[in-house]
Structures are given as structure tokens and as C-alpha cells.
Amino acid sequence: MTAPRLVISALVSVAAMFVAMAWLPATALAQPMISITSAGPDASGDPYDLTVVADDGNGLQIETMTAHVFDSNDNDVADPVMQYSSGPANAQVWVPVTPIAQSALPPGTYTVTVDAADADETDTGLAAPGSFSFSYTTTLTVTASPASVTFGSQDVTFSGNLTGSAPGGTAVPVSGASVSVSVSGGPSNAVATTDSNGNFSYEVDGITQSADYNFTVAATDTYGSASDDVTVDAATGTTSMTVTPSPPTVTQGSQDVTFNGTVSVTPAGSTTQVGIGSGVEVYLSIGGGTPVAVTTTDDANGDFSYTVDDITQNDDYDFSVQAGALYTAASNDVTVDTVAAATTLSVTPTPTEVSEGQQTITFTGTIQVTPSGGSAVGIGSGVPIDLSIGGASATEVTTTSDANGDFSFSVPDVTTATDYDISVLGTNLYSSASEDIEVPIVPAVTTVAVSASPLDVTFGSQSVTFTGSVTALAPGSTTAVGVGSGVPVDLSIGGGTATQVTTTDDANGDFSYTVPGITASTDYRFSVGEQADDLYGAANDDVTVDADPGTTNVMVTASPPDVNLGSSTVTFSGSVSVTPAGATAGNPVGADVPVYLSVGGAAASQVATTDSSGDFTAVVNNITQANDYNFTVDAGTLYTAGSDDVPIGLNQLNTDLT
């Protein structure tokens, strides 16, 4: 409690004095002899027991006195009739006959004037030399409802009352006061204002732990500071959890399990469970692994639901919630078992048999499972498919591609009849299954087609390029296909032994081969032998290349064309050309062709050979008479025989006989 305080200012109310003098008779306008020494609360600080000390300069006892109390707005709020209490003439103490009403004098600052009279004079509006003020001593009381919290009662309403009293007065409500609160020593924040009855209310939501709530009111000019400390304790409720899996076991076709659960709390001091509410994190540990937050409760009952996809083995599913401020931790462990479904595998090969042009087999299939007591369903996607070819070790070749358990894969470059064992290995969710398929080989009908360029050879075109293709017509097909590259191609010339000369060089089975130096009409047989892979049979094609000789032209000139007696040497210059069949111009016969000479019908003998331009030179000596010189070349493989006859004349000379 703060003791009331008396404040005396040095102000002198001259104006009040002049107002009082305005209505006095002229005989009383002299300076009053009565003055006020002080006016304010009594010695104990009681403002309602107003004490006025007066100095009567006449040395007389003041006979009557009335005080007037003005508030800070110059409102006359109290006019107590005063009575003498004690003191000499110059320090007379006067007190109210009846204490001032408490309601008339709330805390604040006041000034006092006095009307006083003695035997000699009557004075009004005598001003006290200063003002006085006082404030209430305040009391703050706060209660919490409920006084403690547990799960389900986390909100607390604090109700308070602020009263004030002055010395000698009774406690009264203090309105309009700002109330602040500090929680467990934290910062203080304004939370409420007192009403006309001094009351206030403040609610704290979601209290989760024990704490001190210190409510305070700061001092003002009219009331002192006050505080009250309230402790709210928190008691932990007991948490429980229930979880139910649906379905309780899994098999292929039902690998997803939905867990439905509820988290409840029994508040401290209660026997009734309540839902933990929404938004509480639920953790899951699978098979003893690290718990991971997977969902939250979704309603006031604490219900939750969580689905685990693709369960493939027996496992424990431990659901839990961690402890909160007002509830304990809890968990529930659920075991989900697996039951293997019966597996069915069906596979179809395309084509059902292979031949040249059909060396790739595509296997398409479906895997279905029949859960216990259920209907057949697709095994789903991602299931490995194994393949064993001809009894070899099985290897994974593909996986199912969709929910129906469909799959497809191809085996390329099939060259022999083979068994294909397609299988799926069992798991906890489904059993093993397999299917064995035999794909036979049926040889295709093979065709070799060859063309020659040129088809006829003559002088200047002795090389022929043969182009061909090897195709195969698979059984049941109407379209032939190339046998591909690398197939050996044999050649037999004129019925001779066949030898490999080339191979096919592309997917169409095409090939090309050039035979140089063809000099005569000949048959050329191109063939492919029956292959070890039995995809296609043997075949051949014959091409006949004809030889058509060109016409040989021999042209010779003599130098000199005539000889004189005694002039016996002639040089013959000649050229040999060949005009190919169908051509209009000749080509030099080339080098090393023998040239023969017959003189005058005698037997011919070789006298020269052609050079690379088909030219030759022959010198004949000792010519003594005119004669025919017949130059010839024999027929070659691609050209005919040719000749040219050159006559040599003899000039007659005049004979002088001396």
C-alpha cells in the first residue's frame, strides 16, 4: 500500500481573492486580516478529513469557516462546514464537521478556498497557498479457471479485480486501468482494461505446460502499482492407440494395405477417453526400421488412415505418436502376413516357325494370378520374365509391362529349331510358372538372279561385270526377301569347277563380280549352296556371254613406191586397227601383233610386230623388180584377219652403150 501524499504548491490564488472582494461593502474592502496557511489531507493523509490552518491577524478566534474544494477543472466538488480543532490565533486548525463524501473526492489534484469570519471581519474566497493531490493505494486479485490443465482443458480464463483506497477511505473499483501479464518471467504485454467495476477477464488458449502468470498494473497519478501472481499447473493424460489393417493379409492382386487407427487420451483425473484431436503426427516403423512421420490425425476423434503400397513380404508395422505436453507417447504394432497366389503363364510365338526372312521370333504373353478364394487377375507390371534357349541357363529378358501382366520380347537371328522355356520365379505373393515352346525351321525357296554388263564382248570390251541378288521366299509368304550380306557366291565358267568368288554385300542379298579378259563365248553359272542353318536352299543362275569379233583394218604405205634399177631398198610403214562390232570407228590393235609379208604370192613370213599404237615398220632390201607386197595379220580372239597389198613398180632407165 502506498501512503497518501500531501502536495503543497507555491501558487497563490490572487484571482479568487479579487472575486471575493468584488461583492464586499466599501467599508470591508480593506486588506483582510485572516489568511490561509495550508489546506489538505490531515496528518494521516486522509483527504476526506480536510485540514485547514488559518492565521487571524486580528489576534481573534475565527468564529465560522466553510471550505470550498475545486478539482483540476475548477469544478466545486465539495463545500464542507469546518469546525475549530486546535491552535493559537495565528495557527488555528479547522476540520470538517462531517468528513467529505468519498465519492465527491476521487484521486486527483485539488485547490481550496475558505470563507471565514471573526468578530471584526467576514472574508470569502480566501485561497490556500497551494494545491494538494492524492492517489489510491491499489489491490489486484486474479483467479484462474480452471486452476490447472490437462488434455481436454488446455484453455484457462483469468478473472481479476482492481480496487483502490485512500487513507480514511474504503476500497472502491478502479476502472480504465491497463492490465499486463508476464508468463514465467517473459516480457510483459497489455492484455485487458478494467471496467467500471474494476473487473477484467483474459483467456489463454492452448496451455501445454505449467507456468506462472504475473498480472500487473502500472502506477499513475491517481493510483499506485499492483500485481498478482497465478500459477497454472499441467497434468499429463494417458495416450492409447488402436490400428486395424485392411486386408489383414496380402497376396498378389492385393498388395496394398490400408491401416485405420484412432489415438485417444484419458485426461489426468478422468476415466473417460477422448480423441486426441486433429493434426497430431503419426509415425510408422516397418520391420523395426526408423520411425518416419507418415500422416496426421484428421478429426477431433483422433482418427487417421494410411495406406502402404506394394507389400511384398511378412512384416511388422509399428504405428506411434510421440509424447505431447499434455499426453504421453503411445504405439500399436500390427503384423501383416503374405499368402502366395497360384500363377498361370500363357505365351504365343510369332511366327510359329522361322525361315529366311523370318529369323526373329516375338513372344507375347500374359501372367495371371488367382488369390486364394478370388478370381484370376493380372500379376501387374515389373515382374521379371526369364528365358532359357535349348536348355541353357535362364536369364531375365524382360518384365511385365502393365497391370494385366502382359509382356513381349523378341529373339533375333534364329537359325536352328530350338526349345524356348519361358518362366517366372515365385515370390511370397505368387507361385512359379513356366511354359516350353518349340519353334521349327522351314527352309525358304531360294532364287539367284544374275545379269551381265555387257552381255556381248567384242574388241575393246573384254571385261564383264555380273550383278545379281539372292532372295528367299518363306513358306506361306508371297513376298521374297534378300538373304542378307555375307552369303558366299560361287562361279562356274564353261561347266568348270565352281569356286567362291564373292559374297552378298547388303540386306537385299545383292552381289557384284567382274570377270576380266573374256575372249570367247562362254557360260557363267553363279550359285549359292545349301546353308548349314537350313533357312534357305541351294539355287543358281546361268548367264551366257557371247564374243563378237571386230573387223581388222591393215593400211601400209611404201617409201619409195617405185624402185630404179639398182635402187633395191623400200621402207614399208603400216598400222593395224580394229572396228568393234556395231561401231563405225576403229581402235589400234595394240602392241605385239605379228605382221606377215608375202611377196608376189610367195609364202608369207613375219617381218614386224605392232607397237602400242598398232603401228609397224618393215624394210625390204634388194628389190630388183616390180612386185606385189602383201602385208597380213592373223585373226585374233576378238578381231578378224586383215591384209593390205602394196605394189612396188620399177622405173625403166635409158641404156647407153659406149
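Kirkwood radius and radius of gyration were both taken over the C-alpha atoms of segment 549-658, and their ratio Rg/Rh is 1.09.
For the peptides 290-297, 251-258, 206-213, residues were scored by their other Cβ atoms within 10 Å and the scores averaged per peptide; the highest-first order is 251-258, 206-213, 290-297.
Selection among S346, V545, P96 by position relative to the dipole of the chain gives P96 as farthest towards the positive end (Cβ unit charges, Cα centre). Distance from the C-alpha centroid of segment 256-299 to that of segment 151-186: 40 Å, rounded to the whole angstrom. When M33, M65, M555 are compared by accessible surface with a 1.4 Å probe, the order from highest to lowest is M555, M33, M65. Shown in residue order for segment 79-95 are the 3J(HN,Hα) couplings computed by the Karplus curve 6.51 cos²θ - 1.76 cosθ + 1.60 at θ = phi - 60°: 9, x, 7, 9, 9, 5, 10, 5, x, x, 4, 8, 8, 7, 9, 10, 10 Hz (x for Gly and Pro). Using θ = phi - 60° in the Karplus curve 6.51 cos²θ - 1.76 cosθ + 1.60, the 3J(HN,Hα) couplings for segment 44-49 round to 8, x, 7, x, 7, 9 Hz; x is entered for Gly and Pro.
For an R0 of 35 angstrom, estimate the FRET efficiency from the Cβ-Cβ distance between N622 and A583 and round to the nearest 0.05.
Working: r = 41 Å, r/R0 = 1.18.
Computed FRET efficiency for N622 and A583 comes out at 0.25.
Quick one: if the Förster radius is 35 Å, what FRET efficiency do S372 and T290 give, using the C-beta to C-beta distance and rounding to 0.05? After rounding to 0.05, the efficiency reads 0.55. Taking the Cα centre of the chain as the origin and placing charges on Cβ (Lys, Arg +1; Asp, Glu -1), which of S451, P107, P475 is farthest toward the positive end of the dipole? Of S451, P107, P475, it is P107.
Every helix of 4 or more DSSP H residues in the chain counts as -39500 (n - 2.57), and over all residues that averages to -500 deg cm²/dmol at 222 nm.
Give the ranking of Y596, Y524 by solvent-accessible surface, highest area first, calculated with a 1.4 Å probe.
Values: Y596 60, Y524 10 Å².
Of Y596, Y524, the descending order of accessible area is Y596, Y524.
Simple rule: put +1 on each Lys or Arg Cβ and -1 on each Asp or Glu Cβ in segment 304-445, find the dipole, and look at S375, T398, S408; the Cα lying farthest toward the positive end is S375. One quarter of the convex hull surface built on the alpha carbon atoms of segment 480-540 amounts to 4.7 nm², the projected area averaged over directions.
The 3J(HN,Hα) values that the Karplus relation (6.51, -1.76, 1.60; θ = phi - 60°) gives for segment 209-221 are, in residue order, 7, 5, 7, 9, 10, 9, 8, 9, 10, 7, 5, 10, 5 Hz. Gly and Pro appear as x. Legend: calculated FRET efficiency, D510 to D421, from the Cβ-Cβ distance at R0 = 45 Å, rounded to 0.05, equals 0.70.
The values are calculated or read from the model by the stated rules, or taken from the named source; none is laboratory data. What you are looking at is a predicted structure, and each value in this text was computed from that prediction instead of being measured. Don't worry about glycine lacking a Cβ; one is built from the backbone with ideal geometry, like all the others, and counts go over all protein chains shown. For the accessible areas, the whole protein counts, side chains as well, though only heavy atoms, and no ligand, DNA or RNA atoms are used. Shrake-Rupley method; radii C 1.70, N 1.55, O 1.52, S 1.80 Å.
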